[in-house]
1. Could you list all residues from segment 110-139 that are modelled with pLDDT of 70 or more, closer than 11 Å to residue 187 by Cα and either in the same structural domain as residue 80 (by TED's automatic domain parsing) or not in a strand (DSSP E or B) (or both)?
2. Only one of (1) modelled with pLDDT under 85; (2) over 20 Å from the mean Cα position of the chain (by Cα) is not met by residue 161, so which one is it?
3. Restricting to segment 55-92, give me the number of residues that are surrounded by 23 or more Cβ atoms within 10 Å (Cβ to Cβ) and not in a strand (DSSP E or B).
4. Inside segment 74-92, can you point out the residues that are at pLDDT 90 or above, of a type in the set (A, V, I, L, M, F, W, C) and either in the same structural domain as residue 181 (by TED's automatic domain parsing) or within 14 Å of residue 55 (Cα to Cα) (or both)?
5. How many residues does segment 26-54 contain that are over 14 Å from residue 94 (Cβ atoms) and part of a loop (DSSP other than H, G, I, E, B)?
6. Report the residue count in segment 137-189 for those that are among the aromatic types (Phe, Trp, Tyr) and over 18 Å from residue 89 (Cβ atoms).
7. So which pairs qualify, if the first residue must be in segment 13-40 and over 13 Å from residue 57 (Cβ atoms) and in the same structural domain as residue 85 (by TED's automatic domain parsing), the second must be among the small types (Gly, Ala, Ser) and surrounded by 18 or more Cβ atoms within 10 Å (Cβ to Cβ), the Cβ gap must be under 6 Å, and the two must be at least 6 apart or on different chains?
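The values are calculated or read from the model by the stated rules, or taken from the named source; none is laboratory data. In this text, all values refer to a predicted model and were calculated from it rather than measured experimentally. In this analysis, Cβ positions are derived from the backbone assuming ideal geometry, glycine residues included, and neighbour counts consider all displayed protein chains.
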Amino acid sequence: MKKYKLIKDKNSNLMRVVALISIPKWGVNRGDIGGLIQTESNLSHDGNAWVFGNAQVFGNAQVSGDAQVFGNARVSGNARVSGNARVFGNAQISGDARVLGNAQISGDARVFGNAQISGDAWDKSPLYIQGSLYALTNCKYGHVRIGCEEHSIREWIKDGKKIANRHNFTKEQIAEYLEYIKLFKKIGK
């Protein structure tokens, strides 16, 4: 049984999903208009997977299981988002990347190449964020590198303002990077 149909979107080359059934888990009602996909192979008819709002899934990308893609997120290439994974904000998942389990990707995060993010571990470093001054990456479990500084998430939270002041960050940049550190802490990496 199909859980959605596709309708042409007047502002895009992609198609909008329209719920044919309710998905109570996500508050989707029959008739609700969802996000944008290129073909039915992008969004599984099984499970509770859903694409919301302005989110886009295209190319050979697939969203399945109980996964959600929303906000302005984009999933493309051969990327897979499955399990209870959530991709949102301005996040972009592309290439052969995999977002699995209970993983959450948000903000302006970019996940690409052969990266794999899952509930508890990854095969390769999956999260790279280009901030306004320096890039951030979770270079190893529990650690984040900002520019040339690498510290544990705990150290960033405790001493991040001192480190930022040594590098002449503005108050706005300190606030921006603190939000990035919170994201790394939230995803547990």
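1. 127
2. It fails just one condition, (1).
3. So the count comes out to 7.
4. Listed by number, the residues that qualify are 75, 81.
5. Selection size over segment 26-54: 15.
6. Final tally of qualifying residues: 3.
7. Within 6 Å, the pairs are 28/19; 30/19; 32/19.
Let's see how each residue does on (1) under 12 Å from residue 4 (Cβ atoms); (2) charged (D, E, K, R); (3) touching a helix residue (DSSP H, G or I) at 6+ places or on another chain (Cβ under 9 Å):
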| position | (1), (2), (3) |
| --- | --- |
| 26 | no, no, no |
| 33 | yes, no, no |
| 38 | no, no, no |
| 60 | no, no, yes |
| 64 | no, no, no |
| 79 | no, no, no |
| 82 | no, no, no |
| 85 | no, no, no |
